[in-house]
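Student: Please read through the structure below; I'll follow up with questions.
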Amino acid sequence: MKIKKVLVSQPKPATEKSPYYDIAEKYGVKIDFRPFIKVESLSAREFRQQKVSILDHTAVIFTSRHAIDHFFTLCTDLRVTIPETMKYFCTSEQIALYIQKYVQYRKRKVFFGATGKFADLMPAIVKHGTEKYFVPMSDVHNDEIKNLLDSKKIQHTEAVMYRTVSNDFTPEEKFDYDMLLFFSPAGISSLMKNFPGFEQKEIAIGCFGPATAKAVKDAGFRLDLEAPTVEAPSMPAALDKFIGEHNKE
């Protein structure tokens, strides 16, 4: 199995400094970036069916940039004007800074955790324990946030504001790859939806994370590359090693 063309099911890197470009140059392979999934907002009508009033809350918890984008998009669609007094609690500084896209950044109303883990944001939330928190969620989520907030008796409301859907391929798009790389179970679902008669044959499949690996195997596909590992803690590192071994003359 010689790898000449790879599909990475993620958005194209923002800069040319991505390690994927180094791999392409090193081995003379073509690497395309094409997400199999995309995130979209619920419609205003769908959100209203949850019977949640955003303005009943005094603070919002954001766990991702997606959450920020879809929160403010839906607020516009719902004709909800967010008051200047609203506080924002983010799992990382990077996410907190992204709020500037929508509101004026003021330290007294934007708080963030140090590590990106929700548990590390909890001390700031507990310190402002009298706030009423609104938590924008994806349609696919676990109960970690709910359980942690409940354990500290924090008033909060969770509401689905966005969802993950298949990013469908068009008939004009060529699908002639030697290797496919996936990063979520939803990507595997999208592959099966887009190509219901897909036969793997000599096409290598790689994935990142145990949940994605399980989805590959459950779908009946052969898993040729799994990351992270001790030797290859990232997907680019794993890909580099894999191509290096398989493209030997």
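The values are calculated or read from the model by the stated rules, or taken from the named source; none is laboratory data. Computed from a prediction, not measured in an experiment: that's the story for all the values here. Because the Cβ atoms are built from the backbone with ideal geometry, glycine has one as well, and the counts that use them run over all protein chains shown.
Student: If you go through region 4-20 one residue at a time, do you hit one that is hydrophobic (A, V, I, L, M, F, W, C), outside the structural domain of Pro233 (by TED's automatic domain parsing) and assigned to a loop (DSSP other than H, G, I, E, B)?
Tutor: Checked region 4-20: no residue is hydrophobic (A, V, I, L, M, F, W, C), outside the structural domain of Pro233 (by TED's automatic domain parsing) and assigned to a loop (DSSP other than H, G, I, E, B).
Student: Select from region 80-93 the residues that are in contact with a helix residue (DSSP H, G or I) (Cβ under 8 Å, 6 or more places away or on another chain) and outside any loop (DSSP other than H, G, I, E, B) and list them in ascending order.
Tutor: Passing the criteria: Tyr88, Phe89, Cys90.
Student: Of all residues in region 96-115, how many are touching a helix residue (DSSP H, G or I) at 6+ places or on another chain (Cβ under 9 Å) and under 20 Å from His156 (Cα atoms)?
Tutor: 4
Student: Could you check region 190-223 and list, in sequence order, the residues that are in contact (Cβ under 8 Å) with a residue 40 or more places away in the chain and either among the small types (Gly, Ala, Ser) or surrounded by 19 or more Cβ atoms within 10 Å (Cβ to Cβ) (or both)?
Tutor: Ser190, Leu191, Ala204
Student: With respect to Ile125, is the statement that it is farther than 23 Å from Gln94 by Cα, buried (at least 16 other Cβ atoms within 10 Å of the Cβ) and in the same structural domain as Ile61 (by TED's automatic domain parsing) true?
Tutor: So Ile125 fails the test.
Student: Quick test for you: out of Lys241, Lys146, Lys153, pick the one residue that is in the same structural domain as Pro13 (by TED's automatic domain parsing), basic (Lys, Arg) and over 16 Å from the mean Cα position of the chain (by Cα).
Tutor: Just one listed residue meets the conditions, Lys241.
Student: How about region 138-160: which of its residues are in contact (Cβ under 8 Å) with a residue 60 or more places away in the chain and under 22 Å from Ala211 (Cβ atoms)?
Tutor: Of all residues in region 138-160, those in contact (Cβ under 8 Å) with a residue 60 or more places away in the chain come to 138, 145, 156-157, 159-160.
Ser138, Ile145, Val160, listed by residue number.
Student: Can you tell me which residue is surrounded by the fewest Cβ atoms within 10 Å (Cβ to Cβ) among those in region 21-69 that are in the same structural domain as Ala237 (by TED's automatic domain parsing) and in a helix (DSSP H, G or I)?
Tutor: So, considering only residues that are in the same structural domain as Ala237 (by TED's automatic domain parsing) and in a helix (DSSP H, G or I), the one surrounded by the fewest Cβ atoms within 10 Å (Cβ to Cβ) is Glu25.
Student: If you don't mind, another one. Scan region 105-119 residue by residue and report those that are basic (Lys, Arg) and closer than 14 Å to Thr85 by Cα.
Tutor: Arg106, Lys107, Arg108, Lys109 - these are the residues of region 105-119 that are basic (Lys, Arg) and closer than 14 Å to Thr85 by Cα.
Student: Sticking with this structure for a sec: From the set of residues in region 199-249 that are small (Gly, Ala, Ser), touching a strand residue (DSSP E or B) at 6+ places or on another chain (Cβ under 7 Å) and not in a loop (DSSP other than H, G, I, E, B), which is nearest to Pro19 (Cα to Cα)?
Tutor: Ala238
Student: Inspect region 93-111 for any residue being surrounded by 18 or more Cβ atoms within 10 Å (Cβ to Cβ), of a type in the set (A, V, I, L, M) and farther than 25 Å from Lys38 by Cα and give the result as yes or no. I'd like the intermediate steps shown before the answer.
Tutor: Kept after step one, since they are surrounded by 18 or more Cβ atoms within 10 Å (Cβ to Cβ), are these residues of region 93-111: 95-96, 98-99, 110-111.
Subset that is of a type in the set (A, V, I, L, M): 95-96, 99, 110.
Keeping just the survivors that are farther than 25 Å from Lys38 by Cα gives 110.
Scanning region 93-111 turns up at least one residue that is surrounded by 18 or more Cβ atoms within 10 Å (Cβ to Cβ), of a type in the set (A, V, I, L, M) and farther than 25 Å from Lys38 by Cα.
Student: What's the number of the condition Ala227 fails, among (1) without any contact (Cβ under 8 Å) to a residue 40 or more places away in the chain; (2) surrounded by fewer than 21 Cβ atoms within 10 Å (Cβ to Cβ)?
Tutor: Result: Ala227 fails condition (2) only.
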